[in-house]
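What follows is a single structure, written as structure tokens, with notes after it.
The values are calculated or read from the model by the stated rules, or taken from the named source; none is laboratory data. Keep in mind that what you see is a predicted model, and the values were worked out from it rather than measured. Reconstructed Cβ throughout: ideal geometry from the backbone, glycine too, with neighbour counts over all protein chains shown. To get the accessible areas, we keep the full protein, side chains included, count just its heavy atoms, and leave off ligands, DNA and RNA. Shrake-Rupley method; radii C 1.70, N 1.55, O 1.52, S 1.80 Å.
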Amino acid sequence: MAKTLQFFIVDDDQISIKLLSKILEKESHIVSHNTSSTSALTEIIEQVPDCVILDMMMPEMDGLELIKRLRAEPDLDATKIMVVSSKSYEFDRKRAFSFGADGYITKPINTKKIVDQLHRVIQDRIELTFWGVHGTLPAPGKQTTKYGGNTSCVSLEFAKGSLFIFDAGTGIKALSDYLVAENRPLVGAKIFISHPHWDHINAIPFFVPLYTQGNEIEIFGPSHGDTSMRELISGQMDGVYFPINIKEFSAMVTFRDLKEEEFEINGIKVKTMLLNHPGHCLGYRVEYKDKSVCYVTDNELYPKPNQFYNKFYLDQLIDFVAGTDVLITDCTYTDKEYEAKIGWGHSAVSQVVDLAVHAKVKTLYLFHHDPDQKDADIDAKLKTARAMLKKRKTSTRCEAPREKQVIQL
């Protein structure tokens with residue numbers, strides 16, 4: 001049974017208060033409220049609730065001033081502050097966070113999702129979702145219904161609302177459908193492309209939020225020589241390969257070329273590393289507080305007897321993913337299959353398990369499956385990997401994620 005929490009709602013809209021109160025009380029939470037922000041301040045200080053929910057536009061004292069006053073109270077350090085407002089502008093969102101808000105939800109609220117959204121903020125959880133786990137080509141059909149047949153796409157959603165999307169294979173269409181159904185504005189969303197091979201970018205034109213006015217989306221990825229990420233994406237939409245070009249994007253879409261580097265977005269650290277794959281391909285490590293997620297696909301790990309085995313590179317990669325909570329990595333082949341695919345830029349089970357063990361990864365997620373592999377083949381790879389980990393007597397867990405599977409971190 002979920003823990004009973006104490007909420008305090010501050011909003012001059014009585015209808016909003018009644019709706020939120022009803023939803024929260026149905027979940028057995030305790031709710032207090034006030035339409036006066038000035039009076040609410042005194043009551044909140046006295047009650048010390050688990051979470052304050054407030055509007056931005058209120059008479060007497062607006063939301064920003066109330067946040068500022070609440071954050072000046074040492075006794076309220078553990079209290080989470082959630083803004084629920086009709087103001088959907090990135091400027092207001094950033095201002096709220098800079099004043100000390102922990103979350104920001106745009107009205108009208110989703111009555112089915114609001115409780116989970118509030119819990120995610122209170123617990124400061126990261127939500128990891130897999131939208132496509134196959135590689136190279138989509139693999140539709142009855143024999144791929146368990147894990148799904150779409151190509152690479154993974155999302156990370158943070159408590160403060162930041163949405164990171166990794167790769168835009170055909171899986172991004174399912175993510176697009178989900179966001180559209182939620183009627184959710186995307187302000188400050190980030191798309192991180194590992195590399196511009198078709199199975200990692202070919203569904204970008206089908207990502208509907210790019211065509212929605214008011215959305216703000218930034219696309220990151222490695223440039224290729226003198227070809228920028230913007231040129232790589234626009235090249236597949238130049239009218240010959242696709243009838244709509246990037247000039248049709250109604251959202252504010254910006255591009256950023258990446259190399260091996262480290263930067264921060266809204267308190268979230270992002271590190272990149274060049275991977276062993278044809279062309280420029282980046283792996284990503286995302287760190288937020290005490291949690292980390294590594295997205296490392298596509299990547300070839302040569303076994304020791306191979307002439308191309310590179311200990312220096314392997315040591316760098318081990319250091320890059322060391323101790324991570326989640327390692328999502330290329331495990332395209334079985335060991336037997338890999339014998340005929342050496343030099344194709346992808347890895348086999350044994351090498352992936354070895355990497356996870358040496359890096360002391362907490363959970364290994366097998367990813368980027370060969371298009372000829374069906375559900376039974378992925379089951380077999382998972383069984384093999386788990387047996388190897390058991391033999392090594394390691395604490396590392398191994399999973400084979402499914403499309404639309406959600407992991408709470």
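Against the longest principal axis of the chain, how steep is helix 90-99, in degrees 0 to 90 to the nearest 10, with axes from Cα atoms? Roughly 70 degrees between the two axes.
Extending 7 Å from the Cα toward the beta-carbon at both ASN245 and LYS291 defines two label points whose distance is 4.1 nm.
Heavy-atom accessible area for ARG386, with the other protein chains in place and a 1.4 Å probe, reaches approximately 110 Å². The charge dipole of the chain, taken about its Cα centre with unit charges on the Cβ of Lys, Arg, Asp and Glu (plus for the first two, minus for the last two), comes to roughly 1180 debye. Of interest is the spacing of the C-alpha centroids, which for segment 73-108 and segment 241-319 amounts to 31 Å.
For the set TYR178, TYR302, solvent exposure ranked by accessible area (probe 1.4 Å, protein chains only) runs largest to smallest as TYR178, TYR302. For the chain, the solvent-accessible area of protein heavy atoms averages 46 Å² per residue (probe radius 1.4 Å; ligands and nucleic acids excluded). Computed over the alpha-carbon atoms, the chain gives an Rg to Rh ratio of 1.01, Rh here being the Kirkwood radius from the mean inverse distance. Which listed residue (ALA96, PRO140, VAL83) has the Cα farthest towards the positive end of the charge dipole for segment 53-185, taking +1 on Lys and Arg C-beta and -1 on Asp and Glu C-beta about the Cα centre? Comparing the listed Cα positions along the dipole, PRO140 ranks first. Per residue, the chain reaches -8500 deg cm²/dmol at 222 nm when only DSSP H runs of four or more residues are counted, each adding -39500 (n - 2.57). One decimal place: the segment VAL48-ASP238 gains 62.7 nm when fully extended, by the rule 0.36 nm per residue minus the C-alpha distance. By the gyration tensor of its Cα atoms, with a ≥ b ≥ c the square roots of the eigenvalues, what is the shape of segment 210-260: rounded for a/c under 1.5, prolate for a/b over b/c, or oblate? Note, shape of segment 210-260 comes out oblate. Modelled this way, with points 7 Å down the Cα-to-C-beta line, the labels at ASP226 and GLU339 are 4.6 nm from one another.
For segment 116-159, the alpha carbon positions stretch 40, 19, 9 Å along the principal axes, listed from largest to smallest. Sorting HIS369, HIS119, HIS197 by accessible area puts them as HIS197, HIS119, HIS369; the probe is 1.4 Å, largest comes first, and only protein heavy atoms count. Note on LYS390 and THR254: the extension gain reaches 44.4 nm, defined as 0.36 nm multiplied by sequence separation minus the Cα-Cα distance. Using a probe of 1.4 Å on the protein chains alone, the accessible area found for VAL84 is around 10 Å². Charges were assigned to the Cβ only: +1 to each Lys and Arg, -1 to each Asp and Glu. The resulting dipole of segment 156-298 about its Cα centre is roughly 300 debye. Let a ≥ b ≥ c be the square roots of the eigenvalues of the Cα gyration tensor of segment 162-295; is it rounded (a/c under 1.5), or, if not, prolate (a/b larger than b/c) or oblate? Oblate shape, in that a/c is at least 1.5 and b/c is the bigger or equal ratio. Heavy-atom accessible area for ASP379, with the other protein chains in place and a 1.4 Å probe, reaches approximately 60 Å². Taking only protein heavy atoms and a 1.4 Å probe, the accessible area of the chain is 51% carbon and sulfur. If you sort the three axes of the alpha carbon gyration tensor as a ≥ b ≥ c, you get a/c of 1.5 or more for segment 233-278 and a/b no higher than b/c, which makes it oblate.
Expressed as a whole percent, the proportion of Cα-Cα pairs in segment 254-409 lying more than 28 Å apart is 17%.
For segment 338-387, the percent of C-alpha pairs falling in each 10 Å distance bin, counted from 0 to the bin holding the largest distance, reads 21, 56, 22, 0. Contact order for segment 300-409, expressed relative to its length and based on alpha carbon pairs under 8 Å spaced 6+ residues apart, stands at 28 percent. Legend: distances between Cα atoms for LYS269/LYS289; LYS289/LYS362; LYS18/LYS68; LYS22/LYS113; pairs beyond 18 Å are LYS18/LYS68. Over segment 301-386, the ratio between the Cα radius of gyration and 2.2 N^0.38 Å evaluates to 1.05.
Ordered by 1.4 Å accessible area with all protein chains kept, LYS271, LYS247, LYS3 run largest first as LYS247, LYS3, LYS271.
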